[in-house]
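Peer 1: Input: one structure, supplied below.
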Amino acid sequence: MAANSFLQGALVLLAAGLINRGLGFFYQIALIRTIGPEGVGLFSIVFPVYIMILVLATAGIPLAVAKLVAEEVARQNMAGAYRILKLALFMLLGTSLFFTLLMVVGAPYLRHYVFPNPAAYYSFICLVPGISIVSICSAFRGFFQGLQQMSPTAVSQTVEQLVRVVAGLLAAYMMLPRGIEYASAGLSVGVVLGELAGFMLMLHIYRRDKPVLPGGELLSFPGVGLGDIIRRVLNMAVPVTLTRFAATALMSLQAVMIPHRLQAAGLSVTQATSVYGQFVGITEALLFIPGVVTMALATALIPAVSDAVALNNLRLVQTRVYDAVRLTIQVGLPAGFIFIVLGDELCGVLFGYPEAGKALRLMAPAGLFLYLQQTTTAIVQGMGRADLPFKNLVISSVFCLGGIYWLTAMPQIGILGTALAVAVSYLVMAALNLRDIKMLTGYRPGFREHIMAPLFSAGGMSMLVWSLKSFLYQHGIGDAPVLAISLSVGVAAYILLMIISGGFDHQDREKFRHILKFRRS
């Protein structure tokens, strides 16, 4: 039942993630076709910096809240869980206000000395109000995740994405006549309005659905010392913050370095911004689509693994690791084959830039390692060893930044050098994380069900899709119908081959039968 509870939470987040990713994908397509790669590139230069500041402002506290609340609930100490939430809110209010002020003061410096295109300043400054909104909201999301109630997070994120898409497109369209830099700033306005909508909904859900304690218990907090809570929060938050800061710092460095190195390869400022916009707005947007599954798993894994660790149930930990890694491979392998076979059609039909398919095909084999990186990081963090993903990320970042610096500046390679460098970093990070999981849990992946069955099924699917695509082109069918038919046949073929090869067994069907039951509350 515990395993089903974890998978059920992951399924809720997956459903919301699919909706959000669908909205986001439509949003990305509309942006590329409305304001072009240059406008998307301007926004993409500043957004990683904004995320990095958010990581510092939240300081890993929401993740610590999820883990520690899960532990208190496992011990049937709900009062302790509430005290953790109250302390987190106080800490986040202080850090978010500090970094909001720092963002305002530092914006002119970034404009003149850091951003490869100074026009990105307008997009950056419009993001300032989002720091406090996201920080406070994240505490409530962490609280519900610790309760292993994923619906509040899922619903609020969906509303946030919907408002962001509508408001961002509207603002960008209205501001476009004033210039591309103002249209890009409209995207930032949409981001903040979406975050505000998600926060207001989360507050409403908390007031309506928070667990009720017996009278007076919330004031007394028996057996939970304030100093002990602060120590536990910081022990979890500091290494998590270091890991996430390193990840977002890497994204920020990429956002600054890639356009600069493209200029070193001979491109103008405008050309470099546009090529970078294609890379993040098309290539990475497509590559990250299967990540909706692994991000749902990652969010549900941290409290689920923490709960199992708190109960000293190593077998349950191993079961959850087994389920998460197997599902990640089952999704990641076929996605990589699809990107290789249909890369040009995906980029051309959806975005109107088929040339972006070269970078997508180059990165496709490493997509699986990106998804494994997300899942395995959550597993290790859930076991209380957030220091290990940080160390692994630092190592993989050396490969990434070194490759970007040297390869992107080569005129004959350009943005393809960036794609290769990022792909190698995914592989290194995933391999190091898997090594750590083996050390902590003794987990070893099953060769047949983890690797051979998905590989056989994905390989058979790709050969069928390639043959079908060639046949359709020979008969004069256009790109859009070819893409739709090939994807549909490919998905059906993969599922059928997985069943034949034993990749999906009776245990999978039994688990999902329990997951999909709607029980009365």
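The values are calculated or read from the model by the stated rules, or taken from the named source; none is laboratory data. All values derive from a computational prediction rather than experimental measurement. Cβ coordinates were reconstructed from backbone atoms using ideal geometry, including for glycine residues, and neighbour counts include every protein chain displayed.
Peer 1: Looking only at the stretch 371-386, which residues are assigned to a helix (DSSP H, G or I), touching a Ser or Thr at 6+ places or on another chain (Cβ under 8 Å) and aliphatic (A, V, I, L, M)?
Peer 2: 372, 378
Peer 1: Test each condition in (1) modelled with pLDDT under 90; (2) under 25 Å from residue 243 (Cα atoms) for residue 133 and report the one that comes out false.
Peer 2: Residue 133 satisfies every listed condition except (1).
Peer 1: Considering only residues that are loosely packed, with under 14 Cβ neighbours inside 10 Å and under 24 Å from the mean Cα position of the chain (by Cα), which ones fall in the stretch 396-411?
Peer 2: Those that are loosely packed, with under 14 Cβ neighbours inside 10 Å and under 24 Å from the mean Cα position of the chain (by Cα): 398, 402.
Peer 1: Name every residue in the stretch 104-142 that is in a loop (DSSP other than H, G, I, E, B) and not aliphatic (A, V, I, L, M), in order of residue number.
Peer 2: Of everything in the stretch 104-142, those that are in a loop (DSSP other than H, G, I, E, B) and not aliphatic (A, V, I, L, M) turn out to be 115, 116, 117, 126, 129.
Peer 1: Could you check the stretch 16-27 and list, in sequence order, the residues that are over 15 Å from residue 186 (Cβ atoms) and touching a residue at least 12 places away in the same chain (Cβ under 8 Å)?
Peer 2: 16, 17, 18, 19, 20, 21, 23, 24, 25, 26
Peer 1: Would you pick out the residues in the stretch 417-457 that are of a type in the set (A, V, I, L, M), in the same structural domain as residue 263 (by TED's automatic domain parsing) and over 17 Å from residue 251 (Cα atoms)? Please lay out each step first, then the result.
Peer 2: Filtering the stretch 417-457 for residues of a type in the set (A, V, I, L, M) gives 419-424, 427-432, 434, 437, 439-440, 451-453, 455.
With in the same structural domain as residue 263 (by TED's automatic domain parsing) added as a condition, the list becomes 419-424, 427-432, 434, 437, 439-440.
Matches in the stretch 417-457: 430, 431, 432, 434, 437, 439, 440.
Peer 1: Mind checking which residues of the stretch 340-365 are surrounded by 20 or more Cβ atoms within 10 Å (Cβ to Cβ) and within 19 Å of the chain's Cα centre (by Cα)?
Peer 2: 360, 363, 364
Peer 1: Sticking with this one: Return the pairs, sorted by first residue and then second, in which the second residue is outside any helix (DSSP H, G or I), the first residue lies in the stretch 85-98 and is assigned by TED's automatic domain parsing to the domain that holds residue 135, the beta carbons are less than 8 Å apart, and the residues are 6+ apart or on different chains.
Peer 2: Short answer, once both residue conditions are applied: 91/59; 92/59; 95/59.
Peer 1: When you scan the stretch 371-381, do you find a residue that is among the aliphatic types (A, V, I, L, M), surrounded by fewer than 22 Cβ atoms within 10 Å (Cβ to Cβ) and either in contact with a helix residue (DSSP H, G or I) (Cβ under 9 Å, 6 or more places away or on another chain) or not assigned by TED's automatic domain parsing to the domain that holds residue 478 (or both), even just one?
Peer 2: Scanning the stretch 371-381 turns up no residue that is among the aliphatic types (A, V, I, L, M), surrounded by fewer than 22 Cβ atoms within 10 Å (Cβ to Cβ) and either in contact with a helix residue (DSSP H, G or I) (Cβ under 9 Å, 6 or more places away or on another chain) or not assigned by TED's automatic domain parsing to the domain that holds residue 478 (or both).
Peer 1: For the stretch 153-174, how many residues are surrounded by fewer than 23 Cβ atoms within 10 Å (Cβ to Cβ), more than 16 Å from the chain's Cα centre (by Cα) and not β-branched (Val, Ile, Thr)?
Peer 2: Of the residues in the stretch 153-174, 7 are surrounded by fewer than 23 Cβ atoms within 10 Å (Cβ to Cβ), more than 16 Å from the chain's Cα centre (by Cα) and not β-branched (Val, Ile, Thr).
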